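Q: If you scroll down you'll find the structure; I have some questions about it.
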Amino acid sequence: MTPIAMDTGALVRGLYCILPEMVVIGTAILVLLADLLLPEEGKKRLCHLSVAGVAAAILSALWLGPGKIEGFSGMIVHDGMGLFFTLTILAAALLTLMMATGYSEWEGTQKGEFYALILLSTSGMLFMAEGTDLMTVFLGLETLSIPIYCLVGFHRGRMRSLEGAMKYFLLGAFSSGFFLYGIALMYAAAGTTRIPVIASMMRDARLYGNPVFLAGIGLLLVGFAFKVSLVPFHMWTPDAYEGAPTLVTAFMGAAVKAAAFAALLRVVLLTFPAILPAMSGVLWVLAALTMTVGNFSALLQNNMKRMLAYSSIAHAGYILVGLTAGGVAGGQAVLFYVLVYAFMNLGAFGVIMLVAQREDDGYDIDNFAGIGFRYPVLGGLLSLFLVSLAGIPPTAGFVGKFYLFGAAVRSGYVGLAVLGVLNSAVSVYYYLRPVVSMYMAPAPEGIPVPRPPRSAFSFALCASAAAVLLLGVMPASALEFAERSVLSLLM
Amino acid sequence: MTLDKFLVVAAALFCCGLYTVMTRRNAVAVLMGVELILNAANINFVAFSHFLSRVMGGQIFAVFVIVLAAAEAAVALAIFLRLFATTGTVEVDTADQLKG
């Protein structure tokens, strides 16, 4: 039994490496304290405080830079890929909190715990994205999930919100059990939970031929599949997305997915190459199923939130195509797509939040009839985000898909790429349905007036739109950043 | 005591948990099943750490998992309590407003 030594220098280095996480958690605690002191009419200051905290976290992450910093004896690492995902997650959190300025007023979520839960969940995502030990990944996963369960059920009086929370919790906790059991089995076979160490041991046939290890990696994959909602582990997604307060839905789609894919990418890129023939078949089938089922189910939906939920399943499938391709090209495509998806998803939800007046039936597609000409800015923005989700140039969604399918073709998965393109073609139908309804359907009498957005809300929408267009027209620098990030992981 | 016996107990516990989650319709019972699965993993961690590895890693993870399970149960019971206050039952099947 070797004693675990931890000197002050190592501790300081460890804390330095998790600086963004500490800023986010510190802000969450401050928000909870300020909540006690502020009078009821001053609660909107809490939102401003949260926005400032996340902005500070972004600055601290940039200050740490892309250099590799290991902390807590290799349990967590701030490297290029960690930085990329940290920035993606924090940007998503920032946009969500900016939209919260308006949403909280309308839907009664102007509460300290709402912001604190968003911040705590963000900190869990950051830990998950930077964890290099399966245990850190698991702890990050739980730290992000538990606040999200609360957030989904935040509208305590709305039956659908509670139902969504219950279904999400039951399946989420169940999948965490699989995830943990998988880690335990991998620990049994390898004697360690450190991802890079397992990766270096994978060259040894005794490890990857070990049935206990394979069972472990299978269970781990099931756990991940639940979190990123891959078919056939996607049943909770539409219910949780529809039931949750719309702002939380937007946050889940953008940030939770990014964090889960970050951890999955780390595991797949580092440990899978040795067992690739067996694993790529599994990933191939999962990707094909997820794309197809997601898109075809979305065709049948009349509720915008539910449609975007199925679309998020389909997008998880597209991202999995990049993972199946693997290597630097596949990794780069995945990173870029996760970033792009965060912006277009948040933007789309932001606009429908303004148009829909009520939770539940307010999100019916018929409610969007005639909006296009009467409110040209809102109509234009929603069209832009939906077109980008469909993957039509000159938007970022097109560039993202181009790189994902390109990586698949280069790795020899032509069939999968063809399937992906066919699926994108199918998806155009349901993405353009709201657009057609906005511009071509006659506006009914007494058309609801969209809510007047707050300035921060408008800024968040414009920033998302600008990001979608800029990444679509000039993706070079972001793609290069993504490539360097993947290389820093594989070196 | 050998490692095998621990593993058999853990695997049995895992299967019990799985069976509970799959068959019970009461949300609290499903939660109990999930707890069984988590504890099965804990037994594995502690046993492997004791028999195979020289460092305490596994035991420490088990402590983390116990804390997490407690936090998860607290949140779950809060959600179920609200559900009970609204519908008067925590049967999973009665929550069926979300479909499609």
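Q: Are any residues in segment A:86-136 within 30 Å of A:A189 (Cβ to Cβ) and over 17 Å from the mean Cα position of the chain (by Cα), and if so, which ones?
A: Let us first name the residues in segment A:86-136 that are within 30 Å of A:A189 (Cβ to Cβ), namely A:124-136.
Scanning segment A:86-136 gives A:T132, A:D133, A:L134, A:M135, A:T136.
Q: Whether any residue in segment A:292-303 is in contact (Cβ under 8 Å) with a residue 40 or more places away in the chain, open to solvent by less than 10 Å² (accessible area, probe 1.4 Å) and β-branched (V, I, T) is what I want to check.
A: Checking segment A:292-303: not a single residue is in contact (Cβ under 8 Å) with a residue 40 or more places away in the chain, open to solvent by less than 10 Å² (accessible area, probe 1.4 Å) and β-branched (V, I, T).
Q: Next up: If you scan segment B:1-27, which residues turn out to be assigned to a helix (DSSP H, G or I), open to solvent by 40 Å² or more (accessible area, probe 1.4 Å) and in contact (Cβ under 8 Å) with a residue 40 or more places away in the chain?
A: B:F6, B:L7
Q: Tell me, which helices (runs of 4 or more DSSP H) wholly within segment A:165-244 include 2 or more residues that are crowded, with 22+ Cβ neighbours inside 10 Å and without any contact (Cβ under 8 Å) to a residue 60 or more places away in the chain? Give the derivation first.
A: On the way: elements: A:195-201, A:205-208, A:211-227, A:236-243.
Output list reads A:211-227.
Q: Moving to a separate point now. Taking A:R13 as the residue in question, decide whether it is touching a residue at least 40 places away in the same chain (Cβ under 8 Å), of a type in the set (D, E, K, R) and either assigned to a helix (DSSP H, G or I) or away from chain B (no Cβ under 14 Å) (or both). First the steps, then the outcome.
A: Details: touching a residue at least 40 places away in the same chain (Cβ under 8 Å): yes; of a type in the set (D, E, K, R): yes; either assigned to a helix (DSSP H, G or I) or away from chain B (no Cβ under 14 Å) (or both): yes.
The answer is yes for A:R13.
Residue-by-condition table, conditions (1) of a type in the set (G, A, S); (2) under 29 Å from A:W236 (Cα atoms); (3) touching a helix residue (DSSP H, G or I) at 6+ places or on another chain (Cβ under 7 Å):
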position	(1), (2), (3)
A:L62	no, no, no
A:L83	no, no, yes
A:T88	no, yes, yes
A:Y103	no, yes, yes
A:P147	no, yes, yes
A:F154	no, yes, yes
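Q: So, one more: Give segment A:25-51 a look and list any residue that's of a type in the set (A, V, I, L, M, F, W, C) and under 15 Å from A:L120 (Cα atoms), or say none.
A: So in segment A:25-51, the residues of a type in the set (A, V, I, L, M, F, W, C) come out as A:25, A:28-34, A:36-38, A:46-47, A:49, A:51.
Within segment A:25-51, A:I25, A:A28, A:I29, A:L30, A:V31, A:L32, A:L33, A:L46, A:C47, A:L49, A:V51 qualify.
Q: Could you please let me know if A:G317 is touching a residue at least 12 places away in the same chain (Cβ under 8 Å) and under 17 Å from the mean Cα position of the chain (by Cα)? Reasoning before the result, please.
A: Numbers: touching a residue at least 12 places away in the same chain (Cβ under 8 Å): yes; under 17 Å from the mean Cα position of the chain (by Cα): yes.
Considered against the rule, which asks whether it is touching a residue at least 12 places away in the same chain (Cβ under 8 Å) and under 17 Å from the mean Cα position of the chain (by Cα), A:G317 comes out as yes.
Q: Going by the conditions given, is B:A78 more than 7 Å from chain A (Cβ to nearest Cβ) and either part of a helix (DSSP H, G or I) or touching a Leu at 6+ places or on another chain (Cβ under 8 Å) (or both)? Full working, then the answer.
A: Working: more than 7 Å from chain A (Cβ to nearest Cβ): yes; either part of a helix (DSSP H, G or I) or touching a Leu at 6+ places or on another chain (Cβ under 8 Å) (or both): yes.
The answer is yes for B:A78.
Q: Among the helices (runs of 4 or more DSSP H) lying completely within segment A:253-356, list those that include at least 2 residues that are over 30 Å from A:G370 (Cβ atoms) and among the charged types (D, E, K, R).
A: Values: elements: A:257-271, A:276-298, A:304-325, A:327-355.
Output list reads A:257-271.
Q: Failed condition for B:A12, given (1) small (G, A, S); (2) closer than 30 Å to B:V90 by Cα; (3) facing chain A (nearest Cβ under 8 Å), with all others met?
A: Going through (1) small (G, A, S); (2) closer than 30 Å to B:V90 by Cα; (3) facing chain A (nearest Cβ under 8 Å) one by one, B:A12 breaks only (3).
Q: Which count do you get for residues in segment A:151-164 that are within 7 Å of another protein chain (Cβ to nearest Cβ) and crowded, with 22+ Cβ neighbours inside 10 Å? Even if it seems obvious, please write down each step before you answer.
A: Within segment A:151-164, the first condition is being within 7 Å of another protein chain (Cβ to nearest Cβ), and the residues that meet it are A:153, A:156, A:159-160, A:162-164.
Restricting the remaining residues to those that are crowded, with 22+ Cβ neighbours inside 10 Å gives A:153, A:162-164.
Final tally of qualifying residues: 4.
Q: Just checking, does segment B:30-52 include any residue being facing chain A (nearest Cβ under 7 Å) and outside any helix (DSSP H, G or I)?
A: Checking segment B:30-52: at least one residue is facing chain A (nearest Cβ under 7 Å) and outside any helix (DSSP H, G or I).
A quick yes/no check of all residues on (1) of a type in the set (A, V, I, L, M); (2) open to solvent by 20 Å² or more (accessible area, probe 1.4 Å):
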position: B:N44; (1), (2): no, no
position: B:F51; (1), (2): no, yes
position: B:I60; (1), (2): yes, yes
position: B:A85; (1), (2): yes, yes
position: B:G88; (1), (2): no, yes
position: B:D96; (1), (2): no, yes
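Q: Report whether or not A:E107 is in contact with a Pro (Cβ under 8 Å, 6 or more places away or on another chain), in contact (Cβ under 8 Å) with a residue 24 or more places away in the chain and either of a type outside the set (G, A, S) or under 21 Å from A:V268 (Cβ atoms) (or both). Before you say what the answer is, go through the steps one by one.
A: Numbers: in contact with a Pro (Cβ under 8 Å, 6 or more places away or on another chain): yes; in contact (Cβ under 8 Å) with a residue 24 or more places away in the chain: yes; either of a type outside the set (G, A, S) or under 21 Å from A:V268 (Cβ atoms) (or both): yes.
Here the answer is yes, as A:E107 does meet what is asked.
The values are calculated or read from the model by the stated rules, or taken from the named source; none is laboratory data. For clarity, every value in this text was computed on a predicted model and none was experimentally measured. Here Cβ is always computed from backbone atoms with ideal geometry, including for glycine, and neighbour counts include all displayed protein chains. Remember, those area values only see protein heavy atoms, side chains included, never the ligands or the DNA or RNA. Shrake-Rupley method; radii C 1.70, N 1.55, O 1.52, S 1.80 Å.
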